[in-house]
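Before any comments, here is the structure.
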Amino acid sequence: MKDPRLDDLARWAQENFGQEHTGHDLGHIRRVVSNTEKIIKKEILTEAQAQIVLAAAWLHEALDDKFFPDTAAARVSLNELLEASGYSADEQEAIEAIVQDVSFHKRQKKAYPLLTRIVQDADLLEAIGAIGIGRAFYFGGAHHEPLASTPLPQDPWSSQNPKTVYQHFFDKLFRIDELLSTAVGREIGEKRTRFMKEFLTEFTKEWEDGSFDSLG
Ligand code: ADP
């Protein structure tokens, strides 16, 4: 049964990310929640744990300093929201720990507990597959990043290549499947990675067909 407290958190997401256009809009948050629902179906969790994970999925951007640069204030607001929505002190602590870890996992390499890994996987899945491709080009456009370089890099896995959207696939997107740690996350990740590789193979052909040595 759906936990009615999640409605408050969905409202918070709508209020804070309804007008966001950096690839972290409300649709992104909804898809992270939906990925979380898929992942928890195959994990052995108590009902209480499942509700904690779903709450953390709705709130997974709440402590990200990209959106809330005053981290102390963000923490206070998150506490207030959870308190007002009826979460107990223990639940608040568990939800905040997940949100904190999801925001900082790119900076801290360590072994995370299952509840955190579920939301991390749900978020990582958003960067790959068809939506991941869309988000990468969207980000590239917003940051004036070229589509790709001419010629394309000889070794696309090198860290010395020019920063382009094409390069982002090798720098980050094709490495995400190695980071996924839940069964469902891995299964979806494998399918989405295969699709991105097909896309990039086709992209590479079309790009190289249009690359001439001179303007003549
Ligand atoms: P998050 O913290 O959610 O990973 P990012 O801002 O790093 O947020 O990424 C948001 C989206 O933009 C992701 O889909 C990511 O793959 C894409 N992205 C991030 N950096 C680049 C880049 N340099 N070029 C193209 N896409 C990018």
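What follows draws every value from the coordinates through simple rules; no lab data is involved. Values in this document were obtained by computation on a predicted structure and should not be read as measured data. Cβ atoms come from the backbone with ideal geometry, glycine included; neighbour counts cover every protein chain shown.
Pop the C-beta distance of Lys2 and Lys163 into the FRET formula with R0 = 35 Å and round what comes out to the nearest 0.05.
0.25
Test of understanding: ordering His143, His28 by Cβ neighbours within 10 Å, fewest first, what list do you get?
His143, His28
Treat the count of other C-beta atoms within 10 Å as a stand-in for reagent exposure and order Phe199, Phe17 from fewest to most.
With the sparsest Cβ surroundings first, the list reads Phe199, Phe17.
What percent do you get for the relative contact order of the chain when only Cα pairs under 8 Å and 6+ apart count?
Computed over the chain, the figure is 20 percent.
If you take the square roots of the eigenvalues of the alpha-carbon gyration tensor of segment 50-176 and sort them as a ≥ b ≥ c, do you get rounded (a/c under 1.5), prolate (a/b over b/c) or oblate?
It comes out prolate by the Cα gyration axes.
Just going by the charge dipole of segment 129-209, with Lys and Arg at +1 and Asp and Glu at -1 on Cβ, which of Phe199, Leu147, Ala130 is farthest out on the positive end?
The residue sitting farthest along the positive end of the dipole is Ala130.
If you rank Tyr138, Tyr166, Tyr112 by fewest surrounding Cβ atoms within 10 Å, what's the result?
With the fewest neighbours first, Tyr138, Tyr166, Tyr112 line up as Tyr138, Tyr112, Tyr166.
Could you state the angle between the C-alpha long axis of helix 114-125 and the longest principal axis of the C-alpha atoms of the chain, as a value from 0 to 90 degrees rounded to the nearest 10?
Here the helix axis deviates by roughly 40 degrees.
Less than 29 Å apart at the alpha-carbon level, and either on another chain or at least 8 residues along: which lysines does that give for Lys110?
Lys38, Lys41, Lys42, Lys66, Lys163, Lys172, Lys191, Lys197
Going by a ≥ b ≥ c, the root eigenvalues of the Cα gyration tensor, does segment 100-152 fall in the rounded group (a/c under 1.5), the prolate group (a/b larger than b/c) or the oblate group?
Prolate is the answer for segment 100-152, as a/c is 1.5 or above and a/b outweighs b/c.
For segment 5-106, with only Lys/Arg (+1) and Asp/Glu (-1) charged at the beta-carbon, what is the dipole magnitude about the Cα centre, in debye rounded to 20?
Details: 10 positive and 19 negative charges, 103 e Å.
Magnitude of the dipole: close to 500 debye.
Restricting to Cα atoms and excluding each atom paired with itself, what does the Kirkwood estimate give for the chain in Å?
18.7 Å
Projecting each Cα onto the charge dipole of segment 5-106 (Lys/Arg +1, Asp/Glu -1 at the beta carbon, about the Cα centre), which of Pro69, Ile98, Leu82 comes out farthest on the positive side?
Ile98
Need the C-alpha centroid separation for segment 93-171 versus segment 1-43, integer Å.
19 Å
What size of dipole, in debye to the nearest 20, comes out for the chain about its Cα centre when the only charges are +1 on Lys and Arg C-beta atoms and -1 on Asp and Glu C-beta atoms?
Dipole about the Cα centre, nearest 20: 480 debye.
Largest first and to the nearest Å, give the Cα extent of segment 129-209 along each principal axis.
39, 25, 23
What's the magnitude of the charge dipole for segment 161-204 around its Cα centre, counting Lys and Arg as +1 and Asp and Glu as -1 at the beta-carbon? Answer in Debye, nearest 20.
Magnitude of the dipole: close to 80 debye.
Between Ser211 and Lys42, what FRET efficiency comes out of the Förster formula 1/(1 + (r/R0)^6) with R0 = 30 Å and r the beta carbon distance, rounded to 0.05?
Working from the Cβ atoms, E equals 0.10.
Connecting C-alpha atoms closer than 10 Å in a GNM of the chain, tell me which of Ser85, Ser158, Ser34 has the biggest fluctuation.
Ser158
Once you've got the GNM for the chain with C-alpha springs shorter than 10 Å, pick whichever of Asp123, Asp155, Asp25 has the biggest mean-square fluctuation.
The residue that fluctuates most here is Asp155.
Angle check, please: helix 26-41 long axis (alpha carbons) against the longest principal axis of the chain (alpha carbons), in degrees 0 to 90, nearest 10.
So the helix axis and the longest Cα principal axis differ by about 70 degrees.
If you line up the long axis of helix 5-17 against the longest principal axis of the chain, both from Cα atoms, how many degrees apart are they, to the nearest 10?
That works out to roughly 40 degrees.
When a/c is below 1.5 the answer is rounded, else prolate if a/b is larger than b/c, else oblate, so apply that to segment 1-109 with a ≥ b ≥ c taken from the square roots of the Cα gyration tensor eigenvalues.
rounded
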